[in-house]
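**Student:** I am attaching a structure below and will ask some questions about it afterwards.
The values are calculated or read from the model by the stated rules, or taken from the named source; none is laboratory data. Just so it is clear, the structure is predicted and the values come from calculations on it, not from any experiment. Cβ placement follows ideal geometry from the backbone for every residue including glycine, while neighbour counts extend to all protein chains displayed. When the accessible area is computed, the model is the full protein with side chains, heavy atoms only, and any ligands, DNA or RNA have been set aside. Shrake-Rupley method; radii C 1.70, N 1.55, O 1.52, S 1.80 Å.
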Amino acid sequence: MNLKHLFLASFCLLIANVSFTSCGSDNDEPVLNDKGSKIELPQTRAFILNEGSYQMNNANITFYNPADNKTIADIFYTQNSAKLGDTGQDMIAYNGNIYISLYGSNYLTKLNAAGVEQIRKSFAGDAVLGGGIRFLAADNGFIYATFYGGVVAKFNAETLELVGTIKNMDSNLEGISVANGNLYVAKSYKMNGTNYEYQKDLSVINLSNFTLKESITVDTNPNQVLEGDNKVFLISWGNYGTEGYSFQMIDPAQNNKVTKLGVATKMTAGDDMIYLVNSVTDWKTYTTTNSFSSYNIKTGVMNSSSFLKNAPDELSSSSIYMMSADQKSGDIYVGVTFFSSGNGTIYRFAKDGTYKEKFDCGGISPAKMIFFN
């Protein structure tokens, strides 16, 4: 690492609290450990977004090196001398940078690949986007975000300048994903007085002109959306009563045909597979039972057997908050939460499901994990 990068990183740290404009675009700036010494960025590295507890201003990011199983807790504070904010909602990697949505603090931020904040866009008090930012997607130089209050917003990925909005979608919006030149957006629920009205719509937005194209009827309360092999996968949450969770596939190549595949509460995509877990909690005894399964996108076969091998016993009854897969190594990560009682735990498995390790995620409720390779 040359002196230019060392100086640039130090200078960025000094001004982090007074400016949200980048000092530069170099993504090979050093990561600083908790003793203040500088280390080279490993080629393969990961970041874990910990949601924190609502209204406690304790969301954070943990740096993780898969090669030596080392973590640096709260790397955002280490790099920027500031707290991340309240309720870390989503995090994506795009064009060598990190983008994070903070629901409670209601802002979008762009970091470089070492966790140094480049630009921040706040929506607090905004007449259109004040409902709260939720989930993120990226495509062709733009960042797309869903908001409570029924808005999808489009931002320039380099500057975070607001480029456009689609308003009045008549629901609080959740998951968002890009597939086949379109955005797929989950319309979760809307309020009618004090009553929740759960929706059954997955909205499709044409990216070429950023207009609403159509609505697809899906199971009640659509929430998590992801793309895999040019297909869209969706988990709906039901109405918490007569209708439960469901796992569905939407095929853009077949006029957005919807196929119900099973039941799941969390999912992630990796290597032509969708990895799933269905967590069932008995609220009388406060006990949770987790069932792991998988869907092979290429063959169209659901496998009800667990994709995990030699998993620690406690994982079968833990509160699973996140699953993520490293697209290069194929490793699968399962994050569990203890909510406000302490830091969550990440369980790491090889591509074939073999258990490798577990580690402290460095914060409360691990919500998302991204990888740089």
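**Student:** Suppose we take every Cα in the stretch 125-253 and form the convex hull; what volume per residue is that in Å³?
**Tutor:** 103 Å³
**Student:** How large, in percent, is the carbon and sulfur part of the accessible surface of the stretch 80-124 at a probe radius of 1.4 Å?
**Tutor:** 43 percent
**Student:** Then there is this: Can you give the percent of C-alpha pairs in the stretch 320-373 whose distance is more than 16 Å?
**Tutor:** 39 percent
**Student:** Note the direction-averaged projected area, equal to a quarter of the hull surface, for the Cα convex hull of the stretch 141-183, in nm².
**Tutor:** Average projection, Cα convex hull of the stretch 141-183: 3.1 nm².
**Student:** Cα convex hull of the stretch 210-282: how many Å³ per residue?
**Tutor:** Once divided by residue count, the hull of the stretch 210-282 is 105 Å³.
**Student:** What longest range of the chain stays clear of loop-exposed GluC sites (Glu not before Pro) (DSSP non-H/G/I/E/B, at most 12 other C-beta within 10 angstrom)?
**Tutor:** Longest run free of exposed loop sites: 162-373.
**Student:** Please work out, to two decimal places, the log10 of the ratio I(q)/I(0) at q = 0.10, 0.13, 0.15, 0.19 Å⁻¹ from a Debye calculation in which every Cα of the stretch 219-370 carries one identical scatterer.
**Tutor:** Taken in order of the listed q values, log10 I(q)/I(0) reads -0.35, -0.59, -0.79, -1.25.
**Student:** Cα atoms only: what Rg and Dmax, in Å, come out for the stretch 66-130?
**Tutor:** Taking only Cα atoms of the stretch 66-130, I get Rg and Dmax of 13.0, 47 Å.
**Student:** List the trypsin sites (Lys or Arg not before Pro) within the stretch 28-137 that DSSP assigns to loop and that have no more than 11 neighbouring Cβ atoms inside 10 Å.
**Tutor:** Lys35
**Student:** Treating each Cα of the chain as an identical point scatterer and ignoring solvent, apply the Debye formula and state log10 I(q)/I(0) at q = 0.08, 0.11, 0.15 Å⁻¹.
**Tutor:** Taking Cα atoms of the chain as identical point scatterers yields -0.39, -0.76, -1.46.
**Student:** Name the residue, out of Asn106, Asn156, Asn310, whose mean-square fluctuation peaks in a Gaussian network model built on the chain with Cα pairs under 10 Å.
**Tutor:** Among Asn106, Asn156, Asn310, the largest mean-square fluctuation in the Gaussian network model of the chain belongs to Asn310.
**Student:** Just report the Cα centroid separation between the stretch 88-125 and the stretch 356-373, whole Å.
**Tutor:** The stretch 88-125 and the stretch 356-373 have Cα centres spaced 17 Å from each other.
**Student:** Can you give the convex hull volume per residue for the Cα atoms of the stretch 246-304, as a whole number of Å³?
**Tutor:** Hull volume normalised by residue count: 84 Å³.
**Student:** Among Leu102, Leu207, Leu226, which one shows the highest mean-square fluctuation when the chain is modelled as a Gaussian network with alpha-carbon springs under 10 Å?
**Tutor:** Of Leu102, Leu207, Leu226, the Gaussian network model singles out Leu207 as fluctuating most.
**Student:** Among the trypsin sites (Lys or Arg not before Pro) in the stretch 138-217, which ones are in a DSSP loop with at most 16 other Cβ atoms within 10 Å of the Cβ? Mind listing them?
**Tutor:** Lys167
**Student:** Please identify every one of the chymotrypsin sites (Phe, Trp or Tyr not before Pro) in the stretch 268-373 that sits in a loop by DSSP and has no more than 15 other beta carbons within 10 Å of its own beta carbon.
**Tutor:** In loop regions of the stretch 268-373 (DSSP not H, G, I, E or B), the sparsely surrounded chymotrypsin sites (Phe, Trp or Tyr not before Pro) are Trp283, Tyr286, Phe338.
**Student:** Further question: Set Lys and Arg Cβ to +1 and Asp and Glu Cβ to -1, take the dipole of the chain about its Cα centre, and tell me which of Ser317, Thr281, Ser246 lies farthest positive.
**Tutor:** Ser246
**Student:** So, with +1 on the Cβ of K and R and -1 on the Cβ of D and E, and no other charges, what is the size of the charge dipole of the chain about its Cα centre, to the nearest 20 debye?
**Tutor:** 100 debye
**Student:** Excluding ligands, DNA and RNA, what is the solvent-accessible area per residue of the stretch 39-97 at a probe of 1.4 Å, expressed in Å²?
**Tutor:** 40 Å²
**Student:** Take the eigenvalues of the Cα gyration tensor for the stretch 102-167, scale each by 5, and report the square roots as semi-axes in whole Å, largest first.
**Tutor:** 19, 14, 10
**Student:** Of all accessible surface on the stretch 284-373 at a 1.4 Å probe, what whole percent is carbon and sulfur?
**Tutor:** Accessible surface attributable to carbon and sulfur in the stretch 284-373 totals 48 percent.
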